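Structure, as structure tokens:
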Amino acid sequence: MPLRLHSGAVVAPSGGAYEPNETVLRYHRDLVELFGGKLDEELLRAGAQVSHTRMAELLVERLPAGGVRPDLVVLAAALPDLNPVRSVSAYLGLLTGGRADQCFSVTEQGLGAAFTALRVGAAHERTGGSSAFLLAVLEQTTLPAHDPVVHDGVPVRDSGVLLLFESGSGFGEIDSVTRLPEAGLLGPRLAEVTAAAPRPLVVAGPWTDPAAVPEGVDRHRVPPGGYCTSVWSALAEHGPRWREEYDTVVLCDRDPRSDTAHVAVLGRGQ
């Protein structure tokens, strides 16, 4: 029985005070200099200071009380945490009931990390490894060096999303997750998916070409201000309404760093 969307939560928390940590600063300095950059402590000091840990705590508070306890937790992030040596996925497992046998993170894939994490959850269900999967997509923007995606153009905001999938039929079943090697393939893929889907809605991230969505198909375009959380925030926020209006939700986005595109199809099943 496939995994389906059970509940979700989204948060855009306010920031805190800068707390210098020499161990973390040394880690950041070594990492930035490895790629020819230079640590910018003033940029760190000016950031929002919203850690993945803080976002995880706030998000769990927003999940419905008495909900399903996940047996698999996967955290997806395109940008590093304030404290990159902390295992927030394991902490999330504890916060959500301590039932998860596996808690890990998917990173270094840009905004594709969340799509990969969704594919992992679906694969675990198919092989009997999970019946309740928690996907956390976290984005914090306090960084040790200038990042064009975060700091140029529309600033990326700190945000986090939790999506809980459980075994069962109904709205939000994970049908397919696809990575496209170039964004130019997104239009044909969306045309293929929506032509075969009952009552489809395309949820397009802010980095996509609006022309990629086929004419005549209902669409929700996520406004700028997010990197990897964009379409997932929209799903958590609007999912209850979309459940009543559509049978298929197609999430898609383009990574501005690599020009790859990603498509996830959530259906209603039979």
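Which percentage, to the nearest 5, of the DSSP beta bridges contained in the chain is antiparallel?
60 percent
Let me make sure I get this right: for segment 133-220, a, b and c are the square roots of the gyration tensor eigenvalues over alpha carbons, sorted descending. Under 1.5 in a/c it's rounded, otherwise prolate if a/b > b/c, else oblate. Which is it?
oblate
Residue by residue through segment 191-203, which ³J(HN,Hα) values in whole Hz follow from phi under the Karplus form 6.51 cos²θ - 1.76 cosθ + 1.60 (θ = phi - 60°), with glycine and proline marked x?
Running phi through 6.51 cos²θ - 1.76 cosθ + 1.60 with θ = phi - 60° gives 4, 5, 5, 6, 5, 9, 9, x, 6, x, 10, 9, 9 Hz.
Each residue of segment 111-122 in turn: what ³J(HN,Hα) in whole Hz from Karplus with 6.51, -1.76, 1.60 and θ = phi - 60°, glycine and Pro shown as x?
Those phi angles translate into 6, x, 4, 5, 5, 4, 4, 5, 4, 4, x, 5 Hz.
Loop only per DSSP, at most 15 neighbouring Cβ atoms within 10 Å: give me the trypsin sites (Lys or Arg not before Pro) in segment 1-50, ordered by residue number.
Lys38
First select every other residue whose beta carbon is under 9 angstrom from the beta carbon of Leu79; then total the charges, Lys and Arg +1, Asp and Glu -1.
Net of charged neighbours comes to -3.
For the chain, report the accessible area per residue in Å² (1.4 Å probe, heavy atoms, rounded to an integer).
In whole numbers, the chain has 45 Å² accessible per residue.
Looking at the square roots a ≥ b ≥ c of the eigenvalues of the Cα gyration tensor of the chain, which shape do they give, rounded for a/c under 1.5, prolate if a/b is larger than b/c, or oblate?
Oblate is the answer for the chain, as a/c is 1.5 or above yet b/c matches or exceeds a/b.
Please work out the C-alpha center-to-center distance from segment 145-185 to segment 74-133 and express it in whole Å.
Answer, in whole Å: 13.
What does the convex hull of the Cα atoms come to per residue for segment 1-51, in Å³?
Taking the convex hull of the Cα positions in segment 1-51, it is 154 Å³ per residue.
Under the rule of at least 5 residues apart or a separate chain, name every residue whose amide H is placed under 5 Å from the amide H of Val203.
HN-HN under 5 Å from Val203: His220, Val250, Leu251, Cys252.
Starting from segment 68-137, pick out the trypsin sites (Lys or Arg not before Pro) whose DSSP state is loop and whose Cβ has at most 14 other Cβ atoms within 10 Å.
Here the trypsin sites (Lys or Arg not before Pro) that fit, given the DSSP loop and packing criteria, are Arg86, Arg99.
Sorted by packing (mean other beta-carbon atoms within 10 Å per residue), highest first, where do 201-214, 218-231, 249-262 land?
Descending mean neighbour count gives 249-262, 218-231, 201-214.
The values are calculated or read from the model by the stated rules, or taken from the named source; none is laboratory data. What you are looking at is a predicted structure, and each value in this text was computed from that prediction instead of being measured. Cβ coordinates were reconstructed from backbone atoms using ideal geometry, including for glycine residues, and neighbour counts include every protein chain displayed. Keep in mind that these areas ignore ligands, DNA and RNA; they rest on the heavy atoms of the full protein, side chains included. Shrake-Rupley method; radii C 1.70, N 1.55, O 1.52, S 1.80 Å.
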